[in-house]
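Before any comments, here is the structure.
The values are calculated or read from the model by the stated rules, or taken from the named source; none is laboratory data. Everything quoted here is computed from the prediction, not taken from an experiment. With ideal geometry, Cβ positions are generated from the backbone for all residues, glycine too; neighbour counts draw on all protein chains shown. Accessible surface areas use protein heavy atoms only, side chains included; no ligands, DNA or RNA. Shrake-Rupley method; radii C 1.70, N 1.55, O 1.52, S 1.80 Å.
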Amino acid sequence: MPDPSFTLQLSQNKYLAPSDDRMDVVLTVRVGDAGVPAAGPPPTAELLLVDCSSSMDWPPTKIEAARHACRAAIGSLRDGVWFGVVECTGRARLVYPSEPPLAVAGERTRHEAKAAAAELIAGGGTAMSTWLDLALDVFRKTPAAIRHAVLLTDGKNESDRAGALEAALERCRGEFACDARGIGDDWEPRDLQRIASVLRGSADAVLEDAELAGDFRRLVERAMGRTVPDLRLRLTTMPYSRLRFVKQVFPTEVELTAQCHTEGSAIELPTGAWGDELREYHLCLDVEPGELTRYEDRLLGTVTLVAGEPVGEQLAVVGYLTEDLALSSVPDDNVARVTGQAELGRAVRAGWDAFERDDRVTAAGEWGTAVRLATELGNAEVLKRLGRLIDVADDGTVAIKDGVRPRDGFSLVLGSTISAYTGAPVPAAAPPVADGAPRECVHCGHKARPTAKRCGHCGEPFEAGAPS
């Protein structure tokens, strides 16, 4: 098998107005040809964390769906993968194997684990911190380069003491990845979103119990397909620039600034394990424009990939100070896209918050905005999830459907972080300067060319028909 190929592409509008104090860039990271290396797949460990609290017993299809999903996931494990099943209630108990270390997947151990999963019984509370702490303890006793867990719950984290989940997540940060799923209609999507964000996984709702087994199988197979254990982004800045934030923006939006650490003179961001895949990151630098020389390129920073050692080329983040609004006020296409995705997520979540307050007028308005933004961005997944809650008339009027299930709302909220990828187009030539006075953004005061549709500084759209 060939060695993996690593590609880093950078999108930015390098032109800065004298009043600008930030530079936004989008980094597109591709890993290709990440097949099984000649030496064999990297050591991998998989844990299934299954909520067995008393609420899983009603309706009984939930606990049966969980048992079936465990058996499906176990059946998909390749030989040699370390694995285990954890019964999760007000405490966590390793049910297969009965104690560490984890079992090694083979015909016998898969059969035994399926039998153990079939005996899972609902009863007890919900304390997610204990589930994660047990996973951390077991993973640390396993010599696996790639560690992954699937967590399923149907309830709120009511048996945990205050702050326990956050503390457990900090202990687990960087130790393993975790995908989280909620089943039924009585769980808290914010808990799952926190878990997925810190542990570099995904969070979603199970809309139908019968879909759970296929979802578990896909999550486990995707984890086993990762063959690059740890890929990092390495960033250097200049005396007149510094990192403001970094977010993953594709395939899902995740705030990552807190996960950066200083490595010598550089800043490094661990991104976890990779297979053949593409991810995008929104990186924002604070810039001191007074330190830049006008009308020439100035280096603001560099970024490269590190997989044990630097791989691929090093790219430069450049700034060019100018007073030409036709240059500085036009956002890069990819930067505008990820800014629009952030606004889409805000509208989706604001709509759900209003719906939970029984303010259906505000909810319909926010979701109408979300439909418009998702359509502009080509985000078919968010449009599909919105379609479970609302109907949109030909004139754009939004009506909330009757009988909305909480799980459909949870699916929409968690799906609000899912973004669309439309490629990294070659930047178009700057448009000519239009006649008229510059537009001034009401949100940040930044001035833009008269025909601008979106502020190039904060990303907020200009209102249609608003005066310049």
Item to check | Packing-based ranking, highest mean first, of 340-349, 258-267, 391-400 given that Cβ atoms within 10 Å are counted | outcome: 340-349, 258-267, 391-400
Checklist entry - What spacing in nm lies between the two simple spin-label points modelled at Glu309 and His111, each 7 Å away from Cα in the Cβ direction? => result 4.7 nm
Checklist entry - With charges set only on the Cβ (+1 for Lys and Arg, -1 for Asp and Glu), what does the dipole of the chain come to about its Cα centre, in debye to the nearest 20? => result 560 debye
Checklist entry - Kirkwood-based Rg over Rh for the chain (C-alpha set), two decimals? => result 1.00
Checklist entry - Could you state the principal axis extents of the C-alpha atoms in region 132-179, from the largest down, to the nearest angstrom? => result 33, 20, 15
Checklist outcome for this item: In degrees, nearest 10, the alpha-carbon axis of helix 61-75 is tilted away from the dominant principal axis of the alpha carbons of the chain by 90 degrees
Checklist outcome for this item: In whole µm²/s, the translational diffusion coefficient that Stokes-Einstein assigns to region 79-202, given a Kirkwood hydrodynamic radius over C-alpha pairs, 10 °C and 1.306 mPa s, equals 106 µm²/s
Checklist outcome for this item: Expressed in angstrom and rounded, the centroid-to-centroid distance over alpha carbons for region 119-183 and region 342-378 is 31 Å
Item to check | Charge dipole (region 122-163, unit charges on Cβ, about Cα centre) - positive-most of Trp131, Gly155, Ala144 | outcome: Ala144
Item to check | Descending semi-axes in whole angstrom, ellipsoid equivalent of region 161-270, from the Cα gyration tensor | outcome: 31, 17, 13
Checklist entry - If the label point is 7 Å along Cα→Cβ of Thr293, which residues in region 2-26 have backbone nitrogen under 19 Å from it? => result 14-18
Item to check | Cα-Cα pairs of region 195-242 separated by more than 14 Å (percent) | outcome: 71 percent
Checklist outcome for this item: Sparse-neighbourhood loop hits (chymotrypsin sites (Phe, Trp or Tyr not before Pro), region 192-265; DSSP loop; Cβ within 10 Å at most 15 others) -> none
Checklist outcome for this item: Ordered by number, the chymotrypsin sites (Phe, Trp or Tyr not before Pro) in region 272-310 that occupy a DSSP loop and have at most 10 other Cβ atoms within 10 Å are Tyr295
Checklist entry - Nearest 10 degrees, 0 to 90: what angle lies between the long axis of helix 107-118 and the longest principal axis of the chain (Cα atoms)? => result 90 degrees
Checklist outcome for this item: Residue-normalised 222 nm signal for the chain, counting each DSSP H run of n ≥ 4 as -39,500 (n - 2.57), nearest 500 deg cm²/dmol, is -9000 deg cm²/dmol
Item to check | Unit charges at the beta carbon, dipole of the chain: most positive-side option, Leu386, Ser411, Cys441 | outcome: Ser411
Checklist outcome for this item: A 1.4 Å probe over the protein heavy atoms gives region 191-257 a carbon and sulfur accessible-area percentage of 51 percent
Checklist entry - Relative to the Cα centre, what is the charge dipole magnitude of region 71-152, using +1 at the beta carbon of each Lys and Arg, -1 at the beta carbon of each Asp and Glu, and rounding to the nearest 20 debye? => result 140 debye
Checklist outcome for this item: the chain: antiparallel bridges as % of DSSP beta bridges, rounded to 5, reads 70 percent
Checklist entry - Taking the radius of gyration and the Kirkwood hydrodynamic radius from Cα positions alone, what is the Rg/Rh ratio for region 133-211, to two decimal places? => result 0.98
Next on the checklist: No solvent, one uniform scatterer per C-alpha: report log10 I(q)/I(0) for region 203-317 via the Debye equation at q = 0.11, 0.13, 0.15, 0.17 1/Å, two decimals.
Outcome noted: -0.49, -0.64, -0.78, -0.93
Checklist entry - Any idea how many Lys pairs in the chain come in under 30 angstrom at the alpha carbon, given 8 or more places apart or on separate chains? => result 18
Next on the checklist: Given a Förster distance of 41 Å, report the FRET efficiency between Arg78 and Glu263 from their Cβ-Cβ distance, rounded to the nearest 0.05.
Outcome noted: 0.75
Next on the checklist: Expected output is a single nm value to one decimal: the length gained when fully extending between Asp276 and Asp33, i.e. 0.36 nm times separation in residues minus the C-alpha distance. What is it?
Outcome noted: 86.8 nm
Item to check | Distance between modelled label sites at Asp186 and Thr61, nm, 7 Å Cα→Cβ extension | outcome: 1.7 nm
Item to check | Charge dipole (region 261-388, unit charges on Cβ, about Cα centre) - positive-most of Tyr295, Gly275, Pro310 | outcome: Gly275
Checklist entry - So between Glu99 and Arg360, what do we pick up on full extension, going 0.36 nm a residue minus the alpha carbon distance? => result 88.9 nm
Checklist entry - Leu243 to Glu170: extension gain in nm, 0.36 nm per residue of separation minus the Cα-Cα distance? => result 24.1 nm
Item to check | Debye, to nearest 20: dipole size of region 284-427, +1 on Lys, Arg Cβ, -1 on Asp, Glu Cβ | outcome: 760 debye
Next on the checklist: Output needed: percent of Cα pairs per 5 Å distance bin for region 92-147, bins running from 0 to the one holding the longest distance.
Outcome noted: 4, 16, 22, 24, 22, 9, 3
Next on the checklist: Just the number please: accessible area per residue for region 302-369, 1.4 Å probe, all protein chains included, in Å².
Outcome noted: 40 Å²
Next on the checklist: Just to be sure I understand: of the beta bridges DSSP finds with both ends in region 13-161, what percent are antiparallel, rounded to 5?
Outcome noted: 30 percent
